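Chemist: Okay, here's the structure, questions in a sec.
The values are calculated or read from the model by the stated rules, or taken from the named source; none is laboratory data. The model shown is predicted, which means the values in this text are computed figures rather than measured ones. Because the Cβ atoms are built from the backbone with ideal geometry, glycine has one as well, and the counts that use them run over all protein chains shown. Side chains are part of the model used for accessible areas, which takes the heavy atoms of the whole protein and leaves out ligands, DNA and RNA. Shrake-Rupley method; radii C 1.70, N 1.55, O 1.52, S 1.80 Å.
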Amino acid sequence: VNPLIGIFGGAFDPVHIGHLRLAIELQQRLGLQRVHLIPTGTPVHREGPVASGEQRLTMLRLAIDGEVGLHVDAREVERNEPSFMVETMNDMRRQYPAHRQCLLIGMDQFAAFDSWYRWEDILDTAHIVVIQRNAVTPPTYGAMAQALAERQINDVKDLADSETGRILFINAPLLDVSSTRVRLLIATGRGARYLVPDGVLDFIKREGLYTNGK
Ligand code: ATP
């Protein structure tokens, strides 16, 4: 079977150890060839991330620091407007036709997945791996409950049986950290040491990012 690539999207404003640990745990447990970390593009006409797309890419590259299982992917930043996930996934398919893809999302995102633009088409491009957070339970009614009834698998091994369209829940340790908290710690002068890799913190300092409470 074709090797699997993981897709992990987010603002990464900034990247923190919660993102990095989750990406590497899933890479190992799902047997992914690598995980693409894909920061979102910056919206032109409304409020977006504090750091620019280039800054967020630089922070990700500093964070990954030679880890072969992780890959910084600039495709959404390089577009001028935020991308729909279905476009990103189709783009990936064109670039890596000999791979299969696994979209990595949280349970909260999964519960609202049927509000994503052309969500059913996304299931034609990839498997979905849903990261279970302790208390949050899967949807029991509506479109996503229906999708689960048709598509859910219970074992990592079953991902190999089809090219796309399976849904797998997986438990992964989530560190109690968010980008919002990191920005707050920096803005209030307390610093975010040990939550964000040192190289990324040096960059944040040099660029004067997140200092004014934004
Ligand atoms: P913010 O606080 O600005 O909302 P965030 O820390 O949630 O940011 P995002 O860049 O929005 O980070 O998230 C990217 C992805 O990482 C999302 O799928 C999100 O569910 C996941 N994620 C966020 N925090 C953690 C964490 N502590 N551990 C594992 N995954 C996380």
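Chemist: Evaluate region 96-115: report whether one residue or more is touching a Lys or Arg at 6+ places or on another chain (Cβ under 8 Å), of a type in the set (D, E, K, R) and modelled with pLDDT of 95 or more.
Modeler: no
Chemist: Looking at (1) open to solvent by less than 10 Å² (accessible area, probe 1.4 Å); (2) out of contact with any Phe, Trp or Tyr (no Cβ under 8 Å at 6 or more places or on another chain), which one does Leu185 not meet, given that it meets all the others?
Modeler: With (1) open to solvent by less than 10 Å² (accessible area, probe 1.4 Å); (2) out of contact with any Phe, Trp or Tyr (no Cβ under 8 Å at 6 or more places or on another chain) applied to Leu185, the lone miss is (1).
Chemist: Within the bounds of region 111-134, is there any residue that is over 22 Å from Val86 (Cα atoms) and open to solvent by less than 90 Å² (accessible area, probe 1.4 Å)?
Modeler: Yes, region 111-134 has at least one match.
Chemist: Oh, and also: Tell me yes or no: at least one residue of region 182-189 is free of Cβ contacts under 8 Å to residues at least 40 places away in the same chain and away from the ligand (no atom under 16 Å from the Cβ).
Modeler: Within region 182-189, one or more residues are free of Cβ contacts under 8 Å to residues at least 40 places away in the same chain and away from the ligand (no atom under 16 Å from the Cβ).
Chemist: Name the residues in region 101-148 that are more than 15 Å from the ligand (Cβ to nearest atom), part of a helix (DSSP H, G or I) and either closer than 14 Å to Arg166 by Cβ or not hydroxyl-bearing (Ser, Thr, Tyr) (or both), would you?
Modeler: Asp114, Trp119, Glu120, Asp121, Ala143, Met144, Ala145, Gln146, Ala147, Leu148
Chemist: Let me ask something additional. Out of curiosity, is Val200 in contact with a Leu (Cβ under 9 Å, 6 or more places away or on another chain), within 16 Å of the ligand (Cβ to nearest atom) and assigned to a helix (DSSP H, G or I)?
Modeler: It is true that Val200 is in contact with a Leu (Cβ under 9 Å, 6 or more places away or on another chain), within 16 Å of the ligand (Cβ to nearest atom) and assigned to a helix (DSSP H, G or I).
Chemist: Here's a follow-up. Say we look at region 1-49 and pick out the residues that are within 9 Å of the ligand (Cβ to nearest atom), in a loop (DSSP other than H, G, I, E, B) and of a type in the set (A, V, I, L, M, F, W, C); which of these is surrounded by the fewest Cβ atoms within 10 Å (Cβ to Cβ)?
Modeler: It comes out as Ala11.
Chemist: One residue is enough: does region 51-68 have a residue meeting the conditions open to solvent by 40 Å² or more (accessible area, probe 1.4 Å), within 13 Å of the ligand (Cβ to nearest atom) and within 25 Å of Met107 (Cα to Cα)?
Modeler: Checking region 51-68: not a single residue is open to solvent by 40 Å² or more (accessible area, probe 1.4 Å), within 13 Å of the ligand (Cβ to nearest atom) and within 25 Å of Met107 (Cα to Cα).
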